Amino acid sequence: MKKILVVAGTSDNKRNFAVNYISEFMQDKGMDVEVAGESIYDVTEIAADISAIVAIGQPQFHTTVPIIDGTPFITKFNMDSCCQQLMEQL
């Protein structure tokens, strides 16, 4: 199972919306993933089992894990494209 971390500097509602949307999108595509969300300000390092990150805002950490721009989850435009990019990284 792949693990996706959604980090957001915006409200909990936006972060939870992105977590749920990504989870449902991946499930609809037949992918076995676990999606978790955290405040972008609380993340200082990335766990070894994280496969990809969706960042809604500017991350304050450095990692070799692929980071996908999560701005579409604020604008509600191109969210499927964002999820498609995420799938390509998994």
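Values in this text are rule-based calculations from the coordinates and carry no lab data. Note that the structure is predicted; figures quoted are calculated from it, not measured. When we count neighbours, we look across all protein chains shown, and the Cβ atoms used for this are built from the backbone with ideal geometry, even at glycine.
List the GluC sites (Glu not before Pro) in segment 26-90 that DSSP assigns to loop (not H, G, I, E or B) and whose Cβ has at most 15 other Cβ atoms within 10 Å. Which are they?
Working: sites: GLU34, GLU38, GLU45, GLU88; in loops: GLU45.
For GluC sites (Glu not before Pro) across segment 26-90 that sit outside H, G, I, E and B with at most 15 neighbouring Cβ atoms in 10 Å, the list reads GLU45.
Here is the P(r) of the chain: all C-alpha pair distances, binned every 10 Å from 0, give 18, 58, 24, 1 in whole percents. Backbone geometry of segment 44-55 corresponds, through the Karplus equation with coefficients 6.51, -1.76 and 1.60 at θ = phi - 60°, to 3J(HN,Hα) couplings of 10, 8, 9, 4, 5, 8, 7, 8, 7, 10, 10, 10 Hz, x marking Gly and Pro. Rounded to the nearest 20, the Cβ-based charge dipole of segment 1-48 about its Cα centre (Lys and Arg +1, Asp and Glu -1) stands at 120 debye.
Placing +1 on the Cβ of every Lys and Arg and -1 on the Cβ of every Asp and Glu, with no other charges, gives the chain a dipole of roughly 180 debye about its Cα centre.
Candidates SER39, THR71, GLN84 compared by Cα position along the dipole of the chain: farthest toward the positive end lies THR71, with charges placed on Cβ. Here is how the number arises for the chain: DSSP H runs of 4 or more residues each give -39500 (n - 2.57), the sum is divided by the residue count, and the result at 222 nm is -10500 deg cm²/dmol. Averaged over residues, the count of other Cβ atoms within 10 Å places the peptides 49-61, 75-87 in the sequence 49-61, 75-87, highest first. For a label point 7 angstrom out from the Cα of GLN85 toward its Cβ, which stretches of segment 39-67 have the backbone nitrogen within less than 11 Å? Backbone N within reach: 54-56, 67.
Say R0 is 25 Å: what FRET efficiency, to the nearest 0.05, do ASN78 and ALA48 get from their beta-carbon distance?
0.25
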